[in-house]
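This report refers to the structure that appears directly beneath it.
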Amino acid sequence: MTQAIKTQTQTQSSTAYFQALKCKECGAEYELKASNVCELCFGPLEVKYDYNALRLTVTRETIQAGPNSIWRYRPFLPVATDNVIDVGTGMTPLVRSHRLARRLGLNKLYIKNDAVNMPTLSFKDRVVSVALSRARELGFTTVSCASTGNLANSTAALAAHAGLDCCVFIPADLEAGKIIGSLIYSPTLMAVKGNYDQVNRLCSEVANTYGWGFVNINLRPYYSEGSKTLGFEVAEQLGWELPDHVVAPLASGSLFTKIYKGFQEFIEVGLVENKSVRFSGAQAEGCSPIAQAFKEGRDFIKPVKPNTIAKSLAIGNPADGIYAVELAQKTGGNIESVNDAEIIDGIKLLAETEGIFTETAGGTTVAVLKKLVEAGKIDPDETTVIYITGNGLKTQEAIQGYVGEPLTIDAKLDSFERALERSRTLDRLEWQQVLV
Ligand SMILES: *Cc1c(COP(=O)(O)O)cnc(C)c1O
């Protein structure tokens, strides 16, 4: 507690509203240091805020007067000053879907498009912006992470921007776009021969001995708060209203539970009206420990060995899995899984109907949306928001061979005309059924 008071008086230009780290299980409170596990019960630690103070100072107007980035919500984020890493992360488009909605028979579908988030085209830029801003405040000079790909990209890029040393860990078998997407920022990149869960175990050992700031290990309580901005922005972009139903992908389950925390905080401080929102989660069949626990009504996760093209979601032993199950249960949502072929179809469906090229995680989300609609688990008149969390240019391997081919021609008009005629004939054959 003394530490919390210190943060408030240290800063002249800004006030901090975060008070302590609090155990999600037993409620024990800790100083605001780099730590993610309760010393008493080993439960995960979460950031605690002074909601009374927030209610008195934060209004829709003060938020709208802030920067056009996640930092317009700074009072709800665990950093003590305005000296944050702000490269324009967040405030990505919330797109009203017409063509995908019509295809699925939905009337009020929205797409939160983090495929175009800054700077590295995934939602991870949100969590890393917060984690590295806090890491600097805590005095770290080297930052690190255990990643399924996007997190390494974001940590490397934002560390470069902030002038921090960076060493990131990934499974060795990631897509080329994810590997180059880290290497370009010149971090030390450790490609571990093993899956994410093995990478994560190794990183926990390194974190204990090297004194580095691991964004998703010892800085995890701060990092995970960044995902709340996916809730805040949707509420603000819907005109300060909450949706009826959200569908989001699940790897560790953190993002899913933090969208909920964001909605609850806005209700708590009076920025939006109270409303119950259904939470539905999406996993790939080849790594679906959370979906399996949900379906079997279990209150524990059985770890699995991942085998799916959705590598960004391939966490076999998800840290927040059980909280994700509880959230779907208590809000009347669902957690579904889809196979690799359905994921590819999901990527193509979103591209062809909305002009958004998402990676495998987004394909998973779209495919699960479709499955839930077909099972009658989404009401056509509900305001439904799907979260598209990453960009398809990073996972091109996944759709190679499923997207047709260019028509190679000579630089001559007659060559073009012959090719055009051929393609129209092919189109006619393909669409004959539809056109008749
Ligand atoms: C990491 C990641 C997720 C899931 O994040 P969790 O918070 O671990 O559940 C979803 N989509 C993409 C593209 C990701 O990179």
### Message
Among the numbered criteria (1) within 16 Å of the ligand (Cβ to nearest atom); (2) in contact with a Phe, Trp or Tyr (Cβ under 8 Å, 6 or more places away or on another chain); (3) open to solvent by 60 Å² or more (accessible area, probe 1.4 Å), which one does Thr389 miss?
### Response
(3)
### Query
If you take the residues of the stretch 226-253 that are polar (S, T, N, Q) and open to solvent by less than 10 Å² (accessible area, probe 1.4 Å), which of them is nearest to the ligand (Cβ to nearest atom)?
Ser227
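Quick check, is Phe266 away from the ligand (no atom under 16 Å from the Cβ), buried (at least 21 other Cβ atoms within 10 Å of the Cβ) and outside the structural domain of Val130 (by TED's automatic domain parsing)? Let's see the steps before the verdict.
Numbers: away from the ligand (no atom under 16 Å from the Cβ): yes; buried (at least 21 other Cβ atoms within 10 Å of the Cβ): yes; outside the structural domain of Val130 (by TED's automatic domain parsing): yes.
The answer is yes for Phe266.
State the number of residues belonging to the stretch 224-259 that are in a helix (DSSP H, G or I) and out of contact with any Ser or Thr (no Cβ under 9 Å at 6 or more places or on another chain). If you could, list the steps in order and put the result at the bottom.
Start the filter on the stretch 224-259 by keeping residues that are in a helix (DSSP H, G or I), which leaves 224-225, 228-237, 254-259.
Narrowing further to those that are out of contact with any Ser or Thr (no Cβ under 9 Å at 6 or more places or on another chain): 225, 228, 231-232, 234-237.
Number satisfying all stated conditions: 8.
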### Task
Could you tell me whether Asn83 is outside the structural domain of Thr365 (by TED's automatic domain parsing) and within 16 Å of the ligand (Cβ to nearest atom)?
no
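Of all residues being in a helix (DSSP H, G or I) and in contact with a strand residue (DSSP E or B) (Cβ under 9 Å, 6 or more places away or on another chain) in the stretch 170-196, which is most open to solvent (accessible area, probe 1.4 Å)? Just the residue, please.
Just the residues of the stretch 170-196 that are in a helix (DSSP H, G or I), to begin with: 176-183, 196.
Remaining after also requiring in contact with a strand residue (DSSP E or B) (Cβ under 9 Å, 6 or more places away or on another chain): 177-179, 182-183, 196.
Details: Gly177: 28, Lys178: 2, Ile179: 46, Ser182: 1, Leu183: 89, Tyr196: 23 Å².
Filtering the stretch 170-196 for residues that are in a helix (DSSP H, G or I) and in contact with a strand residue (DSSP E or B) (Cβ under 9 Å, 6 or more places away or on another chain), the one most open to solvent (accessible area, probe 1.4 Å) comes out as Leu183.
Looking at Lys377, Lys412, which one is without any contact (Cβ under 8 Å) to a residue 24 or more places away in the chain and out of contact with any strand residue (DSSP E or B) (no Cβ under 7 Å at 6 or more places or on another chain)? Talk me through it step by step, then tell me what you get.
Details: Lys377 fails: without any contact (Cβ under 8 Å) to a residue 24 or more places away in the chain.
From the options Lys377, Lys412, the qualifying one is Lys412.
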### Query
Got a sec? Which of Val128, Val116 is touching a residue at least 12 places away in the same chain (Cβ under 8 Å) and not assigned by TED's automatic domain parsing to the domain that holds Gly262?
Val128
### Message
If a residue must be at pLDDT 95 or above and crowded, with 17+ Cβ neighbours inside 10 Å, how many such residues does the stretch 52-84 contain?
### Response
16
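I need the helices (runs of 4 or more DSSP H) fully contained in the stretch 303-380, keeping only those with at least 2 residues that are under 16 Å from the mean Cα position of the chain (by Cα), modelled with pLDDT of 95 or more and away from the ligand (no atom under 13 Å from the Cβ). Break it down into steps so the answer makes sense when it comes.
Numbers: elements: 321-331, 340-354, 360-374.
Fully inside the stretch 303-380 and qualifying: nothing.
The values are calculated or read from the model by the stated rules, or taken from the named source; none is laboratory data. Computed from a predicted structure; not experimentally measured. Glycine gets a Cβ as well: all are built from the backbone with ideal geometry, and neighbour counts include every protein chain shown. For accessibility, only protein heavy atoms count, side chains too; no ligands or nucleic acids. Shrake-Rupley method; radii C 1.70, N 1.55, O 1.52, S 1.80 Å.
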